[in-house]
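A short worksheet on the structure shown next.
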Amino acid sequence: MFFDSHAHYNDNRFDSDRHELLTSLAAEGISNVINVGADMESSRESIALADRYDFIHAAVGVHPHDTEGMTEQDLTDLAQMSTHPKVVAIGEIGLDYYYDNSPRDIQREWFRKQMALAYKLKKPVIIHTRDAMEDTITILKESQFTGGVLHCFSGSVESAKIALDMGYYISLAGPVTYKNARSLPEVAKMVPKDRLLIETDCPYLSPEPHRGRRNCSIYVKDTAAKIAELRGVPVEELAQQTAQNTKTLFGIE
Ligand code: NI
């Protein structure tokens with residue numbers, strides 16, 4: 001059974017068939033999903049999904065794209081939300097210098113504040129970082145360590161090593177299956193087996209051979225198959241190990 005450690009089933013691309021899809025996952029071999037918030041509304045929706053479905057846990061946080069306009073009241077509300085028994089992490093939080101949807105200084109300010117919040121709440125963090133590895137590592141180093149994962153990892157082998165040395169997990173998504181996967185096959189080979197997670201980040205980033213279509217947790221199996229091939233292990237073993245790692249990191253069961 002596979003654990004999809006990062007999904008966004010609140011997305012409106014699932015409006016037409018969300019319940020049907022979610023109730024089909026177990027038969028497809030998907031045992032667990034973490035639904036990850038990206039702003040205040042999707043954080044609340046993540047909790048609602050976790051309330052409705054046993055196999056879904058939630059993360060609450062504000063993505064760097066949406067940090068412009070974030071307020072201290074939002075931090076208070078996130079703290080309140082995190083008291084829900086199925087909220088297992090603060091995320092996704094971090095830096096995105098690829099899209100720059102919020103000014104960089106504002107992204108950094110709220111990344112730091114949400115790291116401090118996670119530490120105060122004793123929750124692990126789910127980190128989004130794109131074209132911003134250096135500043136991300138700087139802020140992670142400045143912040144109190146609370147456990148966490150660099151989700152949909154897209155950096156170099158060297159930056160993966162730095163994150164692992166700091167105690168973070170590395171999560172791989174669909175891009176590891178792409179022809180232009182750059183350093184990701186090397187990263188997939190070097191992460192210690194007890195520090196690796198897998199995810200879809202659905203509805204985004206479908207792995208091959210589904211690229212271009214709406215992603216869903218069932219396709220985590222294609223990403224897992226690619227990683228298992230790269231590491232030279234049976235996919236069942238990779239599924240079992242990454243599911244256990246996800247439960248260990250987020251304190252599930
Ligand atoms: Ni995401």
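Output the number of residues of the range 231-253 satisfying the condition of being of a type in the set (Gly, Ala, Ser), surrounded by 13 or more Cβ atoms within 10 Å (Cβ to Cβ) and over 24 Å from residue 146 (Cα atoms).
Of the residues in the range 231-253, the ones of a type in the set (Gly, Ala, Ser) are 232, 239, 243, 251.
Okay, now just the ones that are also surrounded by 13 or more Cβ atoms within 10 Å (Cβ to Cβ), so 239, 243, 251.
So of that shortlist, the ones also over 24 Å from residue 146 (Cα atoms) come out as 239.
Total satisfying the criteria: 1.
Taking the condition closer than 22 Å to residue 107 by Cα, of a type in the set (S, T, N, Q) and either within 16 Å of the ligand (Cβ to nearest atom) or at pLDDT 95 or above (or both), does residue 183 pass?
Numbers: closer than 22 Å to residue 107 by Cα: no; of a type in the set (S, T, N, Q): yes; either within 16 Å of the ligand (Cβ to nearest atom) or at pLDDT 95 or above (or both): yes.
Answer is no for this residue.
Could you run through the range 156-180 and say how many residues are within 16 Å of the ligand (Cβ to nearest atom) and touching a strand residue (DSSP E or B) at 6+ places or on another chain (Cβ under 8 Å)? I'd like the intermediate steps shown before the answer.
If we filter the range 156-180 for residues that are within 16 Å of the ligand (Cβ to nearest atom), which is where we start, we get 169-176.
Pick out the ones that are also touching a strand residue (DSSP E or B) at 6+ places or on another chain (Cβ under 8 Å) and you get 169-173.
Total meeting the criteria: 5.
Can you name every residue in the range 167-185 that is of a type in the set (Phe, Trp, Tyr) and in a loop (DSSP other than H, G, I, E, B)?
Within the range 167-185, the subset of a type in the set (Phe, Trp, Tyr) is 168-169, 178.
168, 178, listed by residue number.
Hey, can you tell me all the residues within the range 186-200 that are β-branched (Val, Ile, Thr) and either within 16 Å of the ligand (Cβ to nearest atom) or assigned to a loop (DSSP other than H, G, I, E, B) (or both)? Quick ask: steps written out before the conclusion?
First, pick out the residues of the range 186-200 that are β-branched (Val, Ile, Thr): 187, 191, 198, 200.
Those that are β-branched (Val, Ile, Thr) and either within 16 Å of the ligand (Cβ to nearest atom) or assigned to a loop (DSSP other than H, G, I, E, B) (or both): 191, 198, 200.
If the requirement is being surrounded by 15 or more Cβ atoms within 10 Å (Cβ to Cβ), among the β-branched types (Val, Ile, Thr) and more than 16 Å from the ligand (Cβ to nearest atom), which of these qualifies: 30, 56, 93? Break it down stepwise before answering.
Values: 56 fails: more than 16 Å from the ligand (Cβ to nearest atom); 93 fails: more than 16 Å from the ligand (Cβ to nearest atom).
So the residue among 30, 56, 93 that is surrounded by 15 or more Cβ atoms within 10 Å (Cβ to Cβ), among the β-branched types (Val, Ile, Thr) and more than 16 Å from the ligand (Cβ to nearest atom) is 30.
I'm trying to understand the selection: among the residues of the range 213-234, which are touching a residue at least 60 places away in the same chain (Cβ under 8 Å) and of a type in the set (Lys, Arg)? Break it down into steps so the answer makes sense when it comes.
If we filter the range 213-234 for residues that are touching a residue at least 60 places away in the same chain (Cβ under 8 Å), which is where we start, we get 214, 216-218, 220-221, 224.
214, 221 - these are the residues of the range 213-234 that are touching a residue at least 60 places away in the same chain (Cβ under 8 Å) and of a type in the set (Lys, Arg).
Quick one: would you say residue 109 is over 21 Å from residue 146 (Cα atoms), touching a residue at least 12 places away in the same chain (Cβ under 8 Å) and either surrounded by fewer than 17 Cβ atoms within 10 Å (Cβ to Cβ) or within 16 Å of the ligand (Cβ to nearest atom) (or both)? Even if it seems obvious, please write down each step before you answer.
On the way: over 21 Å from residue 146 (Cα atoms): no; touching a residue at least 12 places away in the same chain (Cβ under 8 Å): yes; either surrounded by fewer than 17 Cβ atoms within 10 Å (Cβ to Cβ) or within 16 Å of the ligand (Cβ to nearest atom) (or both): yes.
So residue 109 fails the test.
Would the range 194-203 turn up any residue that is of a type outside the set (D, E, K, R), within 24 Å of residue 97 (Cα to Cα) and surrounded by fewer than 23 Cβ atoms within 10 Å (Cβ to Cβ)?
The answer is yes, given that some residue of the range 194-203 is of a type outside the set (D, E, K, R), within 24 Å of residue 97 (Cα to Cα) and surrounded by fewer than 23 Cβ atoms within 10 Å (Cβ to Cβ).
Any residue in the range 235-248 that is at pLDDT 95 or above sitting within a Cβ distance under 8 Å of a residue that is in a helix (DSSP H, G or I) and β-branched (Val, Ile, Thr)? List the pairs, counting only those 6 or more apart or interchain.
The qualifying pairs are 238/227.
Restricting attention to the range 59-77, which residues are free of Cβ contacts under 8 Å to residues at least 40 places away in the same chain and either of a type in the set (S, T, N, Q) or crowded, with 24+ Cβ neighbours inside 10 Å (or both)? Even if it seems obvious, please write down each step before you answer.
So in the range 59-77, the residues free of Cβ contacts under 8 Å to residues at least 40 places away in the same chain come out as 60, 65-66, 68-69, 71-74, 76-77.
If the condition is that a residue be free of Cβ contacts under 8 Å to residues at least 40 places away in the same chain and either of a type in the set (S, T, N, Q) or crowded, with 24+ Cβ neighbours inside 10 Å (or both), then 60, 71, 73, 76 are the ones that fit.
Within the range 1-25, track down each residue that is more than 14 Å from the ligand (Cβ to nearest atom) and among the charged types (D, E, K, R).
15, 17, 18, 20, listed by residue number.
The values are calculated or read from the model by the stated rules, or taken from the named source; none is laboratory data. Since we're looking at a predicted model, the values are computed, not measured. Note that each Cβ is placed from the backbone with ideal geometry, even for glycine, and that neighbours are counted across all protein chains shown.
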